[in-house]
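The values are calculated or read from the model by the stated rules, or taken from the named source; none is laboratory data. Small disclaimer: the values here were computed from a predicted structure and weren't measured. Don't worry about glycine lacking a Cβ; one is built from the backbone with ideal geometry, like all the others, and counts go over all protein chains shown. Side chains are part of the model used for accessible areas, which takes the heavy atoms of the whole protein and leaves out ligands, DNA and RNA. Shrake-Rupley method; radii C 1.70, N 1.55, O 1.52, S 1.80 Å.
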Amino acid sequence: MVIVGAGHTGAQAAIALRAEGFEGHVVLTGDEEAPPYNRPPLSKSFLKSTSDAVSVAVRPEGFWAEQDITLQLGRRSVAIDRTARKIALDDGSELDFDRLVLAMGSRPRTIPTAPGIATLRTTKDALRVRSVLRPGARVILVGAGYIGLEVAAAACEAGAEVTVVEAAPDILRRTLSGATARYLQTAHERAGARFLLGSAPRTIRPTGVEMGSGENVEGDVVVLGIGVQPNVELAENAGLAVLDGVVVDEHLRTSDPNIFAIGDCARFPCAVTGRPVRLESVQNGTDQARHVARTLAGEATAPYRSVPYFWTEQHGHKVMIAGVSAPDDDVQVRGNLEDDSFSVFRHDAEGRLTAVESVNAPHDHVAARRTLGGRT
Ligand code: FAD
């Protein structure tokens, strides 16, 4: 088994293969130098900590050898020969495979005409941003998505002056109801963050933005959080079906039956909505890795049916989102926003529950996952 991409999902696939009792060769190959690590802390605890001792490693150093998993780091897979079942790597070497799992993840969107602007994906990126976070530093976030807002919260906590710039009229528009988004925005504003919404910046530089209104916002650092794009080039060049992600079926198989794709890079049929979706979350990567491992170890024959969920932490508020909603889904708030603990239920036009957003309400989240999974 060869797994391309030694990030969270690839690592979980290798771990799950061994846990399922698979005894053949497992090669986990990736282009980053570091052994597999978790990205969520990079915009949360890692960013807030002042020490390098915060470990983000998926497993302790010796784990991979103990499990007889061959870890090949710092090498990029550049081509797949599907007929010969070989992968070419950028150092000129080759890897043979019987089955291949693509877990190539995604990378931050950038602005080609404005290079050098900070983004947040790797530990190196996080160290760069962290080095600027100090009292009085001026931090500008372009894009009010989860990563931008988590960095905004960490920057405020570090005593920095924070400005969030967003072209849309409100924050987190793609994934959250207006009720929860406004609640979070208020928490940021109370902590001192300034929001410039509904206006796209005219120009963006590594230390400042010029707004469409002509206002110049100067900073010590600009962090771009305008979403990610899936790493699909390897699959596309090998002739696999690709459409905003490597297209897979309900068993997470690509258009080649020997090749699977999982995690941030895969577009799969969602069990909750029935629509194809590509998700960027730890749960999605973990559950898909386990499912593929069961299939490869000869066990899973049922389709992949996990209920998606995601979490974010901003200014001490933990928001957990189960399911996948569309922006025009109905909104029902249960609980009281003033109590700092409530849930928002989303329903589609047919009245089907599509998602539940729970703010500081973990019990609601657990119940929501059960309900969305059809078990209640
Ligand atoms: P990745 O983590 O992107 O790993 C893919 C790996 O493959 C990378 O190392 C990449 O370099 C490598 N690769 C790509 N192409 C090749 C190639 N051709 N050859 C070799 N290697 C290749 N999710 C949550 O659920 N909750 C959170 O709170 C949360 N917070 C986040 C905070 C940050 C700052 C970031 C960046 C992400 C966060 N996420 C969160 C998302 C979560 O981390 C991702 O969904 C998860 O990392 C996806 O794992 P992956 O292995 O699919 O992709």
Filtered residues of region 296-315 (kept if open to solvent by 20 Å² or more (accessible area, probe 1.4 Å) and hydroxyl-bearing (Ser, Thr, Tyr)): Thr301, Ser306, Tyr309
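Residue under question is Ala118, and the condition is that it be open to solvent by less than 20 Å² (accessible area, probe 1.4 Å) and under 18 Å from the mean Cα position of the chain (by Cα); does it hold?
Judged against the criteria, Ala118 is a match.
Just to be sure, is Ala118 within 15 Å of the ligand (Cβ to nearest atom), farther than 30 Å from Glu299 by Cβ and touching a Ser or Thr at 6+ places or on another chain (Cβ under 7 Å)?
On the way: within 15 Å of the ligand (Cβ to nearest atom): yes; farther than 30 Å from Glu299 by Cβ: yes; touching a Ser or Thr at 6+ places or on another chain (Cβ under 7 Å): no.
It is false that Ala118 is within 15 Å of the ligand (Cβ to nearest atom), farther than 30 Å from Glu299 by Cβ and touching a Ser or Thr at 6+ places or on another chain (Cβ under 7 Å).
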From Thr186, Thr163, Thr203, residue being buried (at least 18 other Cβ atoms within 10 Å of the Cβ) and hydroxyl-bearing (Ser, Thr, Tyr): Thr163
Count of residues meeting criterion [open to solvent by less than 40 Å² (accessible area, probe 1.4 Å) and within 9 Å of the ligand (Cβ to nearest atom)] in region 73-83: 1
Selection count where residues are buried (at least 18 other Cβ atoms within 10 Å of the Cβ) and either of a type in the set (S, T, N, Q) or in a helix (DSSP H, G or I) (or both), scope region 256-272: 3
Tabulated pairs, region 348-365, first surrounded by fewer than 15 Cβ atoms within 10 Å (Cβ to Cβ), second of a type in the set (A, V, I, L, M) and not in a loop (DSSP other than H, G, I, E, B), C-beta under 9 angstrom, 6+ apart or interchain: Pro362/Met320
Residue under evaluation Gly239, criteria (1) open to solvent by 40 Å² or more (accessible area, probe 1.4 Å); (2) under 22 Å from Thr163 (Cβ atoms); (3) not charged (D, E, K, R), criterion not met: (2)
Selection count where residues are assigned to a loop (DSSP other than H, G, I, E, B), within 12 Å of the ligand (Cβ to nearest atom) and either among the hydrophobic types (A, V, I, L, M, F, W, C) or crowded, with 24+ Cβ neighbours inside 10 Å (or both), scope region 1-49: 6
Ala88 assigned to a helix (DSSP H, G or I) and without any contact (Cβ under 8 Å) to a residue 12 or more places away in the chain: no
Qualifying positions in region 316-326 - open to solvent by 70 Å² or more (accessible area, probe 1.4 Å) and more than 20 Å from Asn284 (Cβ to Cβ): Gly316
Some residue of region 101-113 being more than 13 Å from the ligand (Cβ to nearest atom), out of contact with any Leu (no Cβ under 9 Å at 6 or more places or on another chain) and either open to solvent by less than 80 Å² (accessible area, probe 1.4 Å) or not in a strand (DSSP E or B) (or both): yes
Residue in region 288-297 that is away from the ligand (no atom under 13 Å from the Cβ) and in contact with a helix residue (DSSP H, G or I) (Cβ under 6 Å, 6 or more places away or on another chain) present: yes
